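Before any comments, here is the structure.
The values are calculated or read from the model by the stated rules, or taken from the named source; none is laboratory data. Values in this document were obtained by computation on a predicted structure and should not be read as measured data. When we count neighbours, we look across all protein chains shown, and the Cβ atoms used for this are built from the backbone with ideal geometry, even at glycine. Quick note on the areas: whole protein, heavy atoms, side chains included, nothing else; ligands and nucleic acids left out. Shrake-Rupley method; radii C 1.70, N 1.55, O 1.52, S 1.80 Å.
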Amino acid sequence: MSPTPALRIALYLLVADGLVALHLGGFLEPVAAAAAIAALAVTWRVDRLRPRVQARPGFERGLVAVAAAASMVDILYLAETVLDGLVRLLLFLVFYKLVTLRTVRDTRTVGFLAFFMLVAASASAFGVGFLFVFVAFVVLATWVTLQQQGLLEAEPVPGRVVVGAGGAGPSGALLGLAVAASLGVLAITAGLFFVIPRVGLAALPLRAHMGPLVTGFSDRVELGAYGQIETDDRVIMRVSIPDWVPEPERLPNLRWRGVVLDEFDGRAWTIRHVHRVALRRMPGGDFPVSAPRGTGRILVQEVYLEPLGTEIIFGAPRVLGVRLRADTVNLDDTGSLSVPVARARLRYTVVSELERPPAGRSAGGRQPATLDPAAAARYLQLPPLSARIPGLARQVTTGSADPYEAALRLTTYLSREFRYTLTLERQTTLDPVEEFLFVRRAGNCEYFAAALAVMLRSVGIPARIVNGFQRGEWNPYGRYFMVRLRDAHSWVEAYVGGAGWVTLDPSPRGDAGAEWAFETARLYLDALRMRWQRYVINWSLRDQMEAAASIRRQATWGPSLAAAREWARGPGLAWSGVVVLVGGLIAWVWRWELPGRTPRAGIRLPRFYERALRALRRRGLRPEPSETAREFAARVARGAPACAEGFAALTAAYERVRFGEARLSPGEAAALEAYLAALARRDVARV
């Protein structure tokens, strides 16, 4: 027999919510998610097929055996990760149980499988959209559970009644109760979230593919091989700046340094001669990277990085120290930082000394040592080049007073005389740099950086390529920079005696921008995502300790205005609003569901019974909270004998309509109207 419509709808919505969660977790691509939704719709219409399948238990057992064997092959040989293979097996089990659904207890199995879909997705779903999926799942799961329990309790013989038998009460009332119960569960869960110690992103290793492998963060980059990602508007990094930094959006030449490439073979830049050391955590929890020179301002950055296929730590140059959840941090001799475990750098803090352009040969402050011969040879290495390239470099730098001025002249020449473009088709068989300088005269930032580094090396100035990100877009509603994939950028670092490595950016691209509709709403929405990353995904044991210390201080000394502002910017205001809302809804539903209380008209009681209760209330007769309808009718017979017969008939009709879901015949309705009229007449006569 088919399930009751309310239970089937709730169950299918629960499974659909699980499919959306898998999509957000990266287990289902858009096409696969659409196919899964279509398959779910097909299972809704298999009523004619279900009896045939159930009549052939051998077919069911064979299908399960084949699926088990296919799943083993998938997990061992085909799936990208074990979790991917298990998710596909989970989807098969869900659809199989929906097709072979028999009893209420079968719907429980489907509910458990849908829960495991949510659990699997939680390993890699980091967006704020997962919050809404989770809330919907809690509400739907509570609704399904209430209906299942009502149907099971209504079974006259346990285990013998199929899903379609009986009802579970009005679905609207169940849904309201489910919403209230779910909000209560969410409120309790939110409280436990801030109390139970965090274990970090422990499930993340199950997802080997952390995300897209972003341009420029591998050890080999070919010219023109990755310009297409520069139009991708996905936000992949958010860099929060402390409140005490005035107008951080006005900081000049701000970039987020990633990896350094040191060798060029004529077509590609690679990392060849790098030497790495493992940094150890200091007692205070930080990893020291370098000593300050006293030449620039200090900037603290709190970075929230989306899951990407890289272990690089990004930060504004020059990095002085980092703080993150890792036992070690790797530092190479180019100043690039990385971590052995990629999930450790999803949230971290960087302290940098911002670069200040040197004045001629002298930069002031602590002077870095000059390059030793081996390092100089490393950063002057060049493959065989066309004579035209060093000739052009010497022509541009003729008359320069020092290497820094020569480097500035080359940078200015490229940014003024050449055009930025994303169209990277080859036009000749020349080497990429020679074609860029003398034929095409247009390219993306990688071409500009490669050309400058080659020309600097050709005139004896050590140079290297740096890949990272431009500053991104400033979000004033959260005081952070929104860095997108299209902000991926390449520039050059040149070694100038007396100043060390200085940044040069020949690309005329500048800070990429885009026009957006509903700008304020978009920034507010991204600020919400930022808070989700900060206070949910990356909420740590350290955060719990700091929150507890803050509560203790407030309890001791009382709240200050600054602390109140910080609390409002953090999760306090949002969670307080949630608690107030949950409390109000629970109180409303509790008042609505209170035993013996007369609910609102049209929600729970038949209209004729409501009219009878109103007539009796005018005579001073009201049902007690602990009194059943029959007990109240007996008390009415004792207190108002003239009304006993009519109200007894009204009570019997109420029980049949309310609990038996019976419909009144025209004759019964007319008789009840006569009883109601008699109650009204006796009430008027009494008055």
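For the reader, a short list of remarks on this structure follows.
- The set of residues in the range 108-138 that are open to solvent by less than 30 Å² (accessible area, probe 1.4 Å) and at pLDDT 85 or above comprises VAL110, GLY111, LEU113, ALA114, MET117, LEU118, VAL133, PHE137, VAL138.
- Of the residues PRO252, PRO292, PRO283, the single one that is without any contact (Cβ under 8 Å) to a residue 60 or more places away in the chain and farther than 30 Å from SER458 by Cβ is PRO283.
- Some residue of the range 48-67 being among the aromatic types (Phe, Trp, Tyr), at pLDDT 80 or above and either surrounded by 12 or more Cβ atoms within 10 Å (Cβ to Cβ) or not in a loop (DSSP other than H, G, I, E, B) (or both): no
- The numbered conditions (1) surrounded by 14 or more Cβ atoms within 10 Å (Cβ to Cβ); (2) of a type in the set (S, T, N, Q); (3) not in a helix (DSSP H, G or I) are all true for SER626 except (1).
- So ALA633, is it closer than 28 Å to GLY150 by Cα and surrounded by 15 or more Cβ atoms within 10 Å (Cβ to Cβ): yes
- Residue that is farthest from LEU7 (Cα to Cα) [pool: residues in the range 139-156 that are open to solvent by 20 Å² or more (accessible area, probe 1.4 Å) and modelled with pLDDT of 80 or more]: VAL139
- Among the residues making up the range 267-279, a single one is among the small types (Gly, Ala, Ser) and open to solvent by less than 10 Å² (accessible area, probe 1.4 Å): ALA268.
- If the condition is being in a helix (DSSP H, G or I), exposed (fewer than 15 other Cβ atoms within 10 Å of the Cβ) and at pLDDT below 80, then the range 500-536 contributes only GLU519.
- Flag if TYR477 is open to solvent by 10 Å² or more (accessible area, probe 1.4 Å), of a type in the set (Phe, Trp, Tyr) and either in a helix (DSSP H, G or I) or in contact (Cβ under 8 Å) with a residue 24 or more places away in the chain (or both): yes
- Some residue of the range 293-301 being open to solvent by 30 Å² or more (accessible area, probe 1.4 Å) and either assigned to a strand (DSSP E or B) or within 28 Å of VAL454 (Cα to Cα) (or both): yes
- If you filter the range 210-223 down to residues that are buried (at least 19 other Cβ atoms within 10 Å of the Cβ) and not hydroxyl-bearing (Ser, Thr, Tyr), you find that the one that is modelled with the highest pLDDT is LEU223.
- Leading residue by the ranking (farthest from ALA494 (Cα to Cα)) among those in the range 376-423 that are open to solvent by less than 30 Å² (accessible area, probe 1.4 Å), among the aliphatic types (A, V, I, L, M) and within 45 Å of the chain's Cα centre (by Cα): LEU414
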